[in-house]
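Written out below as C-alpha cells is the structure these notes cover.
Each value in this text was obtained by applying a stated rule to the coordinates, not by laboratory testing. Just so it is clear, the model here is predicted, and its values are computed rather than measured. Here the Cβ positions follow ideal geometry from the backbone for every residue, glycine too, while neighbour counts run over all protein chains shown.
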Amino acid sequence: MTLTTPGTGTFTEPAPSALLLLGRGADLASERGVECAGALPDPSDPALVERARAARAALGDRAFVLGHHYQRDEVIAFADVTGDSFKLAREAAARPDAEFVVFCGVHFMAESADILTTDAQQVVLPDLAAGCSMADMAAIDQVEDAWDVLVDAGVADETVPVTYMNSTAAIKAFTGRHGGTVCTSSNAQVALRWAFDRAGGVAGRGKVLFMPDQHLGRNTAVLQLGLSLADCVVYDPRKPGGGVTTQQLRDARMILWRGHCSVHGRFSARNVADVRAAVPGVTVLVHPECTHEVVTAADMVGSTEYIIKALDAAEPGSSWAIGTELNLVRRLARAHPELTVHYLDSTVCFCSTMNRIDLPHLVWALEELVAGRVPNRIVVDADDAHWARVALDQMLALPGH
C-alpha cells in the first residue's frame with residue numbers, strides 16, 4: 001500500500017490543513033458532533049485471538065460465520081465468507097446444515113439471514129447494539145402513516161414501494177404486503193424499472209415510494225432512469241404530512257424517504273475537489289449512497305462489490321480516491337500495493353454501529369455457543385418474515401438474478 005501526497009514522496013504526517021488520507025490524523029472540529037480519532041484500537045491481544053480460534057474449531061461445521069465488508073480485520077479473520085448484506089444472507093441460506101449462523105454485521109442483516117434460512121437454523125448477532133442508523137430512520141409506524149398520506153392524496157393506488165436492503169424486516173414486510181420489492185445498490189436500477197412498469201410505466205403516472213435512503217433512490221432515478229430532480233420529492237416523517245403538499249405528491253414520480261447513511265453522507269463535493277487538487281489524475285469512485293452532488297462530481301459510482309471489482313481490475317500505478325466505509329478502503333489498499341489508494345473524506349470516522357462487532361464480542365458469542373447457550377438470537381416475527389420473504393423473492397425474480 002502506497003500513501004503519498006504530491007511532491008512529498010511517502011506519506012508520513014500531514015500538515016494541519018492537508019488532506020487526511022486513510023485515517024492518518026483527525027480534525028475533530030469538523031466531525032459534525034461525532035468524536036472519532038480516525039483509528040481503531042490496537043489489535044486484540046494474542047490470548048483473545050487464540051480463544052477465538054479454539055472456539056471456532058470446537059464448533060466446526062455447526063457454525064457458519066459471516067463478515068460484512070465493513071467489519072474490522074480482526075473479525076474478518078474468523079469469517080467463513082465476506083460480502084455485502086444480501087450476499088451474506090444468501091450464503092447463510094445456502095448452508096442449511098449449519099446449526100448456527102453468526103452474523104458479523106448489523107441488525108437488519110441478521111434479520112434478513114433469519115428470514116432466508118431454515119427454521120432449524122439460529123442466527124446470532126454478537127452485539128445487539130450493532131444497528132444501522134439508516135434502517136432506524138424508517139420505523140414501521142412512520143411508514144404506515146406515510147402510506148395513509150398517499151391514500152388521502154389519492155396516489156397510493158399508483159405507487160409501488162421499493163425498500164433498500166438496508167431496512168428492517170418490518171419495512172421489508174410492509175413492502176411485500178403492498179406489492180413492492182427489495183433492492184440492493186447493485187440492482188436498484190432494475191428494481192425501479194420493474195416498479196415503474198408495475199405502477200403504470202415510466203411515461204405514465206406511476207410512482208415509487210423509495211425507502212429508506214433518499215440518495216440511492218435519487219441517484220438511480222436521475223442518473224440511470226433519466227428522471228429529473230424535479231420528479232423527486234422528499235417525504236420527511238418528522239413533519240406533518242411528510243412536509244409535502246398533496247400536489248407535490250401527485251406531481252412526483254419518486255417519493256423519497258428522508259433517510260441516509262451516516263458514513264456515506266459525510267462525503268462532500270469539496271472532498272472530491274480537494275483530492276483532485278492534491279492528486280492529479282486520481283479516479284474518484286464512490287458509493288451511490290453518497291449525495292447527488294458527490295456522485296455527479298465523481299468519476300465512477302457503484303456498490304461495494306463494484307468498488308472491489310474496480311480496484312481488482314485497476315491499472316497498476318493508478319491513483320484512486322474511494323468514498324465508502326474506511327475499513328473496506330484500508331483493506332483494499334493493503335490488497336493492492338500496486339495502486340495508490342486514498343480515502344475520500346478529509347476527516348475520518350468508521351461506521352460506529354458496524355464496529356460494535358469487535359473480537360471480544362465475537363469470542364463471547366462463539367464461547368457461549370460452545371457452552372450450549374445461544375446468545376443474542378435474532379428471530380423475525382412469523383408474519384413479518386412471510387411478507388418480507390415475498391418482497392425478497394420478488395427481488396430475486398428481477399432480471400439479472
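Remark: the Arg62-Ile140 segment gains 24.6 nm on full extension, using 0.36 nm per residue and subtracting the alpha carbon distance.
If I model a spin label at Asp45 and Ala310 as a point 7 Å from the Cα along the Cα→Cβ vector, what separation in nanometres do I get? For Asp45 paired with Ala310, the spin-label model returns 4.2 nm. Our summary gives the range 74-126 a relative contact order of 37 percent, counting only alpha carbon pairs under 8 angstrom and 6 or more residues apart. Each residue, Val379 and Arg53, gets one label point 7 Å from its Cα in the Cβ direction; the gap between the two is 3.6 nm. With the charge dipole of the range 135-260 set up from +1 on Lys and Arg Cβ and -1 on Asp and Glu Cβ about the Cα centre, the Cα lying farthest toward the positive end among the listed residues Ile171, Gln214, Thr246 is that of Gln214. In this structure, the amide hydrogen of Val286, modeled 1.01 Å from its nitrogen in the peptide plane, lies closer than 5 angstrom to those of Met300, Val301, Gly302, Gly323, counting only residues at least 5 positions away or on a different chain.
In a reduced charge model with +1 at each Lys and Arg Cβ and -1 at each Asp and Glu Cβ, the range 135-260 shows a dipole moment near 300 debye about its Cα centre. The mean sequence separation of alpha-carbon pairs under 8 Å and at least six residues apart, normalised by the residue count of the range 140-197, gives a relative contact order of 32 percent.
Amide hydrogen proximity for His342: with H placed 1.01 Å from N in the peptide plane, the residues at 5 or more positions away or on another chain lying under 5 Å are Trp320, Ala321, Ile322. Relative contact order for the chain: 24 percent, from Cα pairs under 8 Å spaced at least 6 residues apart, divided by residue count. Amide hydrogen proximity for Val234: with H placed 1.01 Å from N in the peptide plane, the residues at 5 or more positions away or on another chain lying under 5 Å are Leu256. For Leu128 and Ala277, a Förster radius of 60 Å and the Cβ-Cβ distance give a FRET efficiency of 0.85, rounded to the nearest 0.05. Each helix, a run of at least 4 DSSP H residues, gives -39500 (n - 2.57); summed and divided by the residues of the chain, these come to -11000 deg cm²/dmol at 222 nm. Seen through its C-alpha gyration tensor, with square-root eigenvalues sorted a ≥ b ≥ c, the range 106-147 comes out oblate because a/c lies at 1.5 or above while a/b is not bigger than b/c. Ignoring solvent entirely, what values of log10 I(q)/I(0) come out of the Debye formula for the range 135-260 at 0.11, 0.16, 0.19, 0.22 Å⁻¹ when each Cα is a single scatterer? Listed by q, the Debye log ratios stand at -0.29, -0.65, -0.97, -1.39. On the beta carbon distance between Ser352 and His386, with R0 = 25 Å, the FRET formula returns roughly 0.15. Across the range 135-141, rounded Karplus estimates of 3J(HN,Hα) from the backbone phi angles (6.51 cos²θ - 1.76 cosθ + 1.60, θ = phi - 60°) give 4, 6, 6, 10, 7, 4, 5 Hz, Gly and Pro being marked x. Efficiency by 1/(1 + (r/R0)^6): what FRET value for Arg334 and Asp299, r their Cβ-Cβ distance, R0 = 30 Å, to the nearest 0.05? Plugging the Cβ-Cβ distance into 1/(1 + (r/R0)^6) gives 0.85. Charged neighbours of Trp387, selected by a Cβ distance under 15 Å, balance to -4 (K, R count +1; D, E count -1).
Local charge for Lys172 was computed over the other residues whose Cβ lies under 13 Å away, with Lys and Arg +1 and Asp and Glu -1, and equals -4. The alpha carbons of the chain occupy a box of 61, 57, 38 Å along the principal axes, longest dimension given first. The alpha carbons of the range 263-350 stretch over 29, 25, 21 Å along the principal axes, in descending order.
Residues considered: Asp251, Asp114, Asp213. Largest GNM mean-square fluctuation over the chain, using C-alpha springs under 10 Å, is found at Asp251.
The packing ranking, built from the mean of other Cβ atoms within 10 Å per residue, places the peptides 316-324, 173-181 in the order 173-181, 316-324, highest first.
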